[in-house]
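The values are calculated or read from the model by the stated rules, or taken from the named source; none is laboratory data. Note that the coordinates shown come from a computational prediction; the quantities given were computed from them, not determined experimentally. We place every Cβ from the backbone using ideal geometry, glycine too, and count neighbours over all the protein chains shown. Just so you know, the surface numbers come from the protein's heavy atoms only, side chains and all, with ligands and any DNA or RNA stripped out. Shrake-Rupley method; radii C 1.70, N 1.55, O 1.52, S 1.80 Å.
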Amino acid sequence: MEGEEQTSIWNKETVPKVMKIVSTRLPQRDLISLLLVSPGLHRTLLSSPSLWLAIDLREMNNAGDRLIATVSLPRYQHVKQISLEFARDIDDGHLEILKNKCLDSLQGLESLNLNGCQKISDKGIEAITSCCHKLKVFSIYWNVRATDIGVKHLVKNCKRIIDLNLSGCKNLSERSLQLVADHYQELESLNLTRCVKMTDSGLEQILIRCSFLRSLNLYALSSFTEETYKKISVLSHLRFLDLCGAQNLSDEGLSCIAKCKNLVSLNLTWCIRVTDVGVIAIAEGCTSLEFLRGNKLLQISPNISMKRFVISHKLMSDFS
């Protein structure tokens, strides 16, 4: 009897306490599996609201119906993060249902990842952003249906965005950049990879008005001029800068960018006009740089100056 009593105490008290600690470090999908282990563990996990602040449906099938069913559960009434990256079978209709049926549960949402959800258009963006006024992070990578109208809905509904990923949204124009510049002066991260319709005037507005940017990704954009690249120098907080494919960037422009003294990571792959002169300017100006990508990735020891690293390893040939 004593053994049975100890086992009962173990199952009812010790196991739930241990699992409550362990569960905070588990992926959400494993956490859900734990709900099925025992009624006691089920009750213990559900009594911890902090465990149910994220919904992860990445790469799942039937993601639209799953999302509606999940958000409807009481345990997700304070959800802060939703990831639907490359999830399948989700479209505008699902987001409109969320708006109509789950509005209260989405009021505290802070991060929404719609990367690769190509069935979502401006209509879906309008529906979901109208529910999430506290949204800080919005990512919609590789969406060819989104237009400037979708961005207009975003800036109207979500005033707190500090991290914005528009990578691969090839139908966005400089109008979207103007909207972002007008409404998100506190923006810290912006990804414009392959947004091929962007022009100098739009990017310049971002550089002038979004002075707190810490990360700027301009990967595979060759249309910007040297004069615009020079204006990147005003971003005193910038730490990450990707200029891969910046074919109009020369040593003169790079010398201006060298004024961004807080840069930690810089990508200059396929910057065909950059020579030793520009790289040395970066070495002298960006003393915090840890990663420099030319034709290959370079990792710099924090115990060695960037200038000495560049010269002693003869890296200038990588950029010639």
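Of all the criteria given as (1) open to solvent by 10 Å² or more (accessible area, probe 1.4 Å); (2) aromatic (Phe, Trp, Tyr); (3) at negative phi, the one not satisfied by PHE224 is (1). Of the residues making up the range 252-292, those that are surrounded by fewer than 18 Cβ atoms within 10 Å (Cβ to Cβ), of a type outside the set (A, V, I, L, M, F, W, C) and under 18 Å from THR228 (Cα atoms) number 3.
So how many residues does the range 85-103 have that are part of a loop (DSSP other than H, G, I, E, B), touching an Asp or Glu at 6+ places or on another chain (Cβ under 9 Å) and open to solvent by less than 20 Å² (accessible area, probe 1.4 Å)?
Residues that pass the stated criteria total 2.
Number of residues in the range 172-190 that are open to solvent by 50 Å² or more (accessible area, probe 1.4 Å) and touching a Lys or Arg at 6+ places or on another chain (Cβ under 9 Å): the value is 7. When GLN247 is tested against the conditions (1) surrounded by 18 or more Cβ atoms within 10 Å (Cβ to Cβ); (2) within 16 Å of THR193 (Cα to Cα), the lone failure is (1). Counted as qualifying within the range 133-242 are the helices (runs of 4 or more DSSP H) with 3 or more residues that are within 17 Å of the chain's Cα centre (by Cα), namely 148-157.
When the criteria are applied in full, ILE32 fails the requirement of being within 18 Å of SER139 (Cβ to Cβ) and either loosely packed, with under 14 Cβ neighbours inside 10 Å or β-branched (Val, Ile, Thr) (or both).
For the range 25-74, which fully contained helices (runs of 4 or more DSSP H) count at least 2 residues that are at pLDDT below 95? Give the steps one after another, and end with the answer.
Numbers: elements: 28-34, 39-46, 63-71.
Output list reads 28-34, 39-46.
Here is a check on your reading of the model: is LYS119 part of a helix (DSSP H, G or I) and open to solvent by 60 Å² or more (accessible area, probe 1.4 Å)? Answer is no for this residue.
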